[in-house]
Amino acid sequence: MNIDNIRSQFPILDQTVYGKPLVYLDNAATTQKPTSVIETLSNYYLTLNSNIHRGAHYLAAQATEQYEQTRRSVQKFINARHSHEIVFTRGTTESINLVASSFSQRFIGKDDEVVISAMEHHSNIVPWQLACERQGAHLRVIPFNDNGVLDLEAFEGLMNEKTRIVAVTNVSNTLGTVNPIAEIVRMAHSHNIPVLIDGAQGIAHRRIDVQQLDCDFYCFSGHKMYGPMGVGVMYGREELLEQIPPYQGGGEMIKDVTFERTTYNELPFKFEAGTPAVGDVLGLGTAIDFINQTGIENIARHEHELTEYATSQLMQIGGMRIFGNAPEKTSVISFLIGDAHPYDVGTLLDKLGIAVRTGHHCTQPIMDRYGIPGTVRASFAAYNTREEVDTLISAIKRIAPMLQ
Ligand code: C6P
């Protein structure tokens, strides 16, 4: 992988902050966007802007064609069986809320159970809590061990005839753990329980084949995979999407409306009420092109090397604690230095030009599990370099004595 070539596609990286070269290590929060994605957005507004599926004019037809073409790109990217199994949303959060709301109305009743894991992002906890509250159902939680590995034996023990769905993350945004989702799906399906995968942190780091995984729902955001903010995907298995009710009512999701009764549009439109973020969807298509051109396996290998290198360097610093030591991890490293507050570490790193995230990372139950207020999190993407890791390490060595 030619890093110089990749970096040249991300002009935002080529700047200084506080007089220091920017070292952007907050990629799990959002990745930067290549010029091609930014150009897709501006070209859309410069040459194509119009509402889709509605207008009888040239621009509307072109925009509709490109929007539907992007749906087919996403289908191919995750190897879905049908393009109508791809629903565009605002992001992972909306995708999970959609499933939690619509699936629970159809399939979850009083005293039923929903299984999630203890390492979920709040986006894969709260929507299920809301659904359980509404339906009178209960949440069950798969624990994980000190290294951040899910306890699959406990998982097996949690499933029973009341379990209606299992919802787990592909990759933990805090621990970096890559969960054995194919195995989780196999275990759940042996009890005829469908599975939702939160793919927010998986999609940009591993090849995802939803048919091979055999999952029932896979949710992700454009902005964590070099695409625009404000767009995401909910992949759902056709048979389930046919059975669950719409999430929101409005334009485009209907077939016929009278005051007595409304009938709904076919898939995927039944789940796409109102005007979507057309330009952002097209930008997501360009982000997929970027990933395909770079090669997701190349990206994964490069990030793995950076993560291994950074981990070994960090471990040599006195007082260093790394949270998340699963055998299979993506490019996320959460750490604490002695008793230093993560916010203080993040602020000092920021002044040296290094962007990391600090806090609970929207995973408070993980913090409770370890009895800590938060962590400092460095996360890598395709454009990060070994030199940037060195900059991080020497910055930490410089600030650590100030904070002990
Ligand atoms: N995690 C992070 O810094 P949205 O905000 O809808 O694009 O994604 C929500 C979400 C869901 N699941 C996981 C595993 C995630 O990591 C995220 C977003 C960001 O870790 C922002 S909190």
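Which of the residues spanning the stretch 122-168 are more than 21 Å from Ile181 (Cα to Cα) and either in contact with a Gly (Cβ under 9 Å, 6 or more places away or on another chain) or open to solvent by less than 50 Å² (accessible area, probe 1.4 Å) (or both)?
Listed by number, the residues that qualify are Ala131, Cys132, Gln135, Gly136, Ala137.
If I filter the stretch 93-121 down to residues being in a helix (DSSP H, G or I) and open to solvent by 10 Å² or more (accessible area, probe 1.4 Å), which single residue comes out as nearest to the ligand (Cβ to nearest atom)? Give the derivation first.
To start, the set of residues in the stretch 93-121 that are in a helix (DSSP H, G or I) comprises 93-107.
From what's left, open to solvent by 10 Å² or more (accessible area, probe 1.4 Å): 93-94, 97, 101, 105-107.
On the way: Thr93: 3, Glu94: 7, Asn97: 9, Ser101: 15, Gln105: 22, Arg106: 23, Phe107: 22 Å.
Top of the filtered list is Thr93.
Scan the stretch 59-66 and give yes if some residue there is of a type outside the set (A, V, I, L, M), open to solvent by less than 60 Å² (accessible area, probe 1.4 Å) and closer than 30 Å to Gln211 by Cβ, otherwise no.
In the first step, residues of the stretch 59-66 are kept if they are of a type outside the set (A, V, I, L, M); the result is 62, 64-66.
Checking the rest, the ones that are also open to solvent by less than 60 Å² (accessible area, probe 1.4 Å) come to 64.
When the remaining residues are screened for being closer than 30 Å to Gln211 by Cβ, the result is 64.
Within the stretch 59-66, one or more residues are of a type outside the set (A, V, I, L, M), open to solvent by less than 60 Å² (accessible area, probe 1.4 Å) and closer than 30 Å to Gln211 by Cβ.
If I ask for residues that are open to solvent by less than 30 Å² (accessible area, probe 1.4 Å) and not aliphatic (A, V, I, L, M), which ones from the stretch 303-321 would you list?
Filtering the stretch 303-321 down to residues open to solvent by less than 30 Å² (accessible area, probe 1.4 Å) leaves 303, 306-307, 310, 314, 317, 320.
Within the stretch 303-321, Glu303, Thr307 qualify.
May I ask you to list the residues in the stretch 341-352 that are surrounded by fewer than 22 Cβ atoms within 10 Å (Cβ to Cβ) and under 26 Å from the mean Cα position of the chain (by Cα)? Give the derivation first.
The first filter runs over the stretch 341-352 and keeps only residues surrounded by fewer than 22 Cβ atoms within 10 Å (Cβ to Cβ), leaving 341, 343-344, 346-348, 350-352.
Once the filter is applied, which keeps residues that are surrounded by fewer than 22 Cβ atoms within 10 Å (Cβ to Cβ) and under 26 Å from the mean Cα position of the chain (by Cα), the stretch 341-352 yields Tyr343, Gly346, Thr347, Asp350.
Could you please find all residues in the stretch 360-384 being part of a loop (DSSP other than H, G, I, E, B) and open to solvent by less than 10 Å² (accessible area, probe 1.4 Å)?
His361, Thr363, Gly374, Phe380, Ala381, Ala382, Tyr383, Asn384
Checking Met367 against (1) among the aliphatic types (A, V, I, L, M); (2) within 15 Å of the ligand (Cβ to nearest atom); (3) under 16 Å from Asn27 (Cβ atoms): exactly one of these is not met. Which one?
With (1) among the aliphatic types (A, V, I, L, M); (2) within 15 Å of the ligand (Cβ to nearest atom); (3) under 16 Å from Asn27 (Cβ atoms) applied to Met367, the lone miss is (3).
Between Thr275, Thr286, which is among the β-branched types (Val, Ile, Thr) and touching a Phe, Trp or Tyr at 6+ places or on another chain (Cβ under 9 Å)? I'd like the intermediate steps shown before the answer.
Details: Thr275 fails: touching a Phe, Trp or Tyr at 6+ places or on another chain (Cβ under 9 Å).
Just one listed residue meets the conditions, Thr286.
Name the residues in the stretch 274-303 that are over 18 Å from the mean Cα position of the chain (by Cα), within 16 Å of Asn49 (Cβ to Cβ) and in a helix (DSSP H, G or I), would you?
Scanning the stretch 274-303 gives Val278, Gly279, Leu282.
Can we say Ile52 is among the hydrophobic types (A, V, I, L, M, F, W, C), surrounded by fewer than 19 Cβ atoms within 10 Å (Cβ to Cβ) and either more than 26 Å from Leu348 (Cα to Cα) or outside the structural domain of Lys224 (by TED's automatic domain parsing) (or both)?
Values: among the hydrophobic types (A, V, I, L, M, F, W, C): yes; surrounded by fewer than 19 Cβ atoms within 10 Å (Cβ to Cβ): no; either more than 26 Å from Leu348 (Cα to Cα) or outside the structural domain of Lys224 (by TED's automatic domain parsing) (or both): yes.
So Ile52 does not fit the description; no.
Would you mind stating whether Val278 is within 16 Å of the ligand (Cβ to nearest atom), farther than 20 Å from Asp26 by Cα, β-branched (Val, Ile, Thr) and open to solvent by less than 30 Å² (accessible area, probe 1.4 Å)?
On the way: within 16 Å of the ligand (Cβ to nearest atom): no; farther than 20 Å from Asp26 by Cα: yes; β-branched (Val, Ile, Thr): yes; open to solvent by less than 30 Å² (accessible area, probe 1.4 Å): yes.
The answer is no for Val278.
Across the stretch 1-26, which residue is farthest from Gly295 (Cα to Cα) among those that are out of contact with any helix residue (DSSP H, G or I) (no Cβ under 8 Å at 6 or more places or on another chain) and exposed (fewer than 14 other Cβ atoms within 10 Å of the Cβ)?
Here the answer is Gly19.
How many residues, within the stretch 67-82, are open to solvent by 60 Å² or more (accessible area, probe 1.4 Å) and part of a helix (DSSP H, G or I)?
The qualifying residues number 3.
How many of the residues making up the stretch 253-273 are open to solvent by less than 80 Å² (accessible area, probe 1.4 Å) and either in a strand (DSSP E or B) or of a type in the set (S, T, N, Q) (or both)?
Residues of the stretch 253-273 open to solvent by less than 80 Å² (accessible area, probe 1.4 Å): 253-254, 258, 262-263, 265, 267-273.
Okay, now just the ones that are also either in a strand (DSSP E or B) or of a type in the set (S, T, N, Q) (or both), so 254, 258, 262-263, 265.
Residues in the stretch 253-273 being open to solvent by less than 80 Å² (accessible area, probe 1.4 Å) and either in a strand (DSSP E or B) or of a type in the set (S, T, N, Q) (or both): 5 in total.
Any residue in the stretch 242-256 that's in contact (Cβ under 8 Å) with a residue 60 or more places away in the chain: show its pairings with residues that are assigned to a helix (DSSP H, G or I) and hydroxyl-bearing (Ser, Thr, Tyr) at Cβ separation under 6 Å, as long as the two are six or more apart or on different chains.
Hits for this filter: Ile244/Ser102; Pro245/Ser102; Tyr247/Ser101; Tyr247/Ser102.
The values are calculated or read from the model by the stated rules, or taken from the named source; none is laboratory data. Everything numeric here is computed off the predicted structure, so don't read it as measured data. Because the Cβ atoms are built from the backbone with ideal geometry, glycine has one as well, and the counts that use them run over all protein chains shown. For the accessible areas, the whole protein counts, side chains as well, though only heavy atoms, and no ligand, DNA or RNA atoms are used. Shrake-Rupley method; radii C 1.70, N 1.55, O 1.52, S 1.80 Å.
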